[in-house]
Number of protein chains: 2
Amino acid sequence: MKIEVFFSPAGVDELSMRGRNVVIIDVLRASSTICNALNSGAREVIPTPDIENATKIASNLSGDSRLLGGERQGKKIDGFDLGNSPLEYTPEKVGGKTIIFTTTNGAGAIYKCRYASMALVGTFVNVSSIVQTIVGIGGTWTILCAGRQGSFSVEDVTCAGMIISKVQAAAEVETDDAGLTAVILYKNFKRSILGMLRRSEHGKYLTSIGFSKDLKFCAAIDSIPVVPAVDGVGIKLRHSLAEASAKTSQTS
Amino acid sequence: MKIEVFFSPAGVDELSMRGRNVVIIDVLRASSTICNALNSGAREVIPTPDIENATKIASNLSGDSRLLGGERQGKKIDGFDLGNSPLEYTPEKVGGKTIIFTTTNGAGAIYKCRYASMALVGTFVNVSSIVQTIVGIGGTWTILCAGRQGSFSVEDVTCAGMIISKVQAAAEVETDDAGLTAVILYKNFKRSILGMLRRSEHGKYLTSIGFSKDLKFCAAIDSIPVVPAVDGVGIKLRHSLAEASAKTSQTS
């Protein structure tokens, strides 16, 4: 197997991701929020890089069935139903709903992977589920770290390193300088993922604006064992996609 | 003190580097070659990102006084006097000469720093000299890693981590996620810098095209205790610049 790592989506575009098997990581917080939203029963999450497009998509859906979620500077966007704290995405709020979702880093990174062969959303809360999927499929994978405004985020790369380490426990893995660095970061921080989040630039910022509880949520390894996968414009649970595809082939 | 690290020059331009104190690192091999060229008595090294511009600059200088040096895909450019192996830059060849120098990564990164307040060229062979200069001047510094074709190179970031670690031994240093990662990489690899170079993507490539001796040269910590500094269009030894400036103030 081969895994390569991009530290940020800067310089990455839709065409360069086309045909790849990709895992997009935005630990703080888009990946963690998407896992919790789908686990809480949201129908799907539609990622979009800008607010204008988010409201346009929302206007085409019935008001009962959809919610607008996301952040700018870490805070809920004016007029939106939900921010980007995973704790907000409870079954009561999001069950059965389509979430139109725009965030500064993660949503844009996922959007760039819409022509990928397979695009999964990964983070610490679902890391083993992602690893099982990668190992099951095999071949070549790209890990795209969302980073922060085009630059490097230690938490995303540490999570990439955890994925590579765990895949290496099951299979021979060839990686690049970035993957090697990710594994070294993970080995350095594995004893305290929460400590690493608290020490990170983004973690410090989120704590300063009142989201310290989110760090604890996002550090909880394997607490939400789901595999969110991009399916056309939206992100759904991968097993639900597999079931839908099985039903289609049964009826056809 | 504050030190921030850029993992590659992608997204960096002349204006974003203007007014900064910068150290540019291209371990394999531009920084190492520039150190050796100046230590071997070259008058100055003029970095330029493209071959066309290099030959244009050369045509404006007398043939006796200048040499064209550099590489593409690691190999000497057709019609050039020298490649990018530091071992070629001997006193016999480069003493008293101006080197017009174009390489894939390092020369372009240095060129982007031509409006910096101060731009120094650093690598393992002159690491302590760079650290002494940074500590002596203090304030805020940027370390710009040349990387490889816009992406990450483990050897450049490890060297950045060595610089930060050594500055931290002398002063309180605030750094960013990238700087934190650099220090972790350095701590991981400090017992064998040569081993790290051999394991790196660029190191493997250079070995495959016959430059394994260059890796040993580039891993020799503090073997060339010089401080190359950008001065207008060229790079000279910093102490020679200081001496020239002292002479000017004495005569004025």
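The values are calculated or read from the model by the stated rules, or taken from the named source; none is laboratory data. The structure presented is a predicted model; accordingly, all values stated were derived computationally and were not measured. Glycine also receives a Cβ, built like all others from the backbone with ideal geometry; neighbour counts cover every protein chain displayed.
Assess whether A:K236 counts as being touching a residue at least 40 places away in the same chain (Cβ under 8 Å), over 29 Å from B:V183 (Cα atoms) and surrounded by fewer than 21 Cβ atoms within 10 Å (Cβ to Cβ).
Yes; evaluated as a whole, the condition is true for this residue.
Output yes when any residue across region A:104-127 is surrounded by fewer than 18 Cβ atoms within 10 Å (Cβ to Cβ) and assigned to a helix (DSSP H, G or I), and no when none is.
Taking every residue of region A:104-127 in turn, none turns out to be surrounded by fewer than 18 Cβ atoms within 10 Å (Cβ to Cβ) and assigned to a helix (DSSP H, G or I).
Rundown of residues vs (1) free of Cβ contacts under 8 Å to residues at least 60 places away in the same chain; (2) under 29 Å from A:A182 (Cα atoms), yes/no style:
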residue: A:E14; (1), (2): no, yes
residue: A:D26; (1), (2): no, yes
residue: A:V45; (1), (2): no, yes
residue: A:N53; (1), (2): yes, no
residue: A:E71; (1), (2): yes, yes
residue: A:S85; (1), (2): no, yes
residue: A:P91; (1), (2): yes, no
residue: A:A107; (1), (2): no, yes
residue: A:A116; (1), (2): no, yes
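Only helices (runs of 4 or more DSSP H) wholly contained in region B:163-243 count here; list those with 2 or more residues that are modelled with pLDDT of 95 or more and under 15 Å from the mean Cα position of the chain (by Cα).
The qualifying helices (runs of 4 or more DSSP H) are B:212-218.
Could you figure out which of (1) closer than 21 Å to B:P225 by Cα; (2) touching a helix residue (DSSP H, G or I) at 6+ places or on another chain (Cβ under 9 Å) isn't true of B:G95?
If we test B:G95 against (1) closer than 21 Å to B:P225 by Cα; (2) touching a helix residue (DSSP H, G or I) at 6+ places or on another chain (Cβ under 9 Å), just (2) comes out false.
When the residues of region B:132-157 are narrowed to those that are assigned to a helix (DSSP H, G or I) and over 14 Å from the mean Cα position of the chain (by Cα), which ends up surrounded by the fewest Cβ atoms within 10 Å (Cβ to Cβ)?
B:G136
Is there a residue being out of contact with any helix residue (DSSP H, G or I) (no Cβ under 8 Å at 6 or more places or on another chain), touching a residue at least 40 places away in the same chain (Cβ under 8 Å), loosely packed, with under 15 Cβ neighbours inside 10 Å and not polar (S, T, N, Q) anywhere in region B:199-213?
Checked against the condition, which is being out of contact with any helix residue (DSSP H, G or I) (no Cβ under 8 Å at 6 or more places or on another chain), touching a residue at least 40 places away in the same chain (Cβ under 8 Å), loosely packed, with under 15 Cβ neighbours inside 10 Å and not polar (S, T, N, Q), region B:199-213 yields at least one hit.
If I ask for residues that are within 10 Å of another protein chain (Cβ to nearest Cβ) and at negative phi, which ones from region A:141-158 would you list?
A:R148, A:S151, A:F152, A:S153, A:V154, A:E155, A:D156, A:V157, A:T158 - these are the residues of region A:141-158 that are within 10 Å of another protein chain (Cβ to nearest Cβ) and at negative phi.
Yes or no: A:A119 touching a Gly at 6+ places or on another chain (Cβ under 8 Å) and modelled with pLDDT of 95 or more?
no
Considering each residue of region B:159-174, count those that are touching a residue at least 60 places away in the same chain (Cβ under 8 Å) and either within 14 Å of another protein chain (Cβ to nearest Cβ) or closer than 22 Å to B:D13 by Cα (or both), and give that number.
So the count comes out to 3.
May I ask you to say which residue of A:V226, A:V183 is under 23 Å from A:I137 (Cα atoms), touching a residue at least 12 places away in the same chain (Cβ under 8 Å) and more than 14 Å from every other protein chain (Cβ to nearest Cβ)?
A:V226
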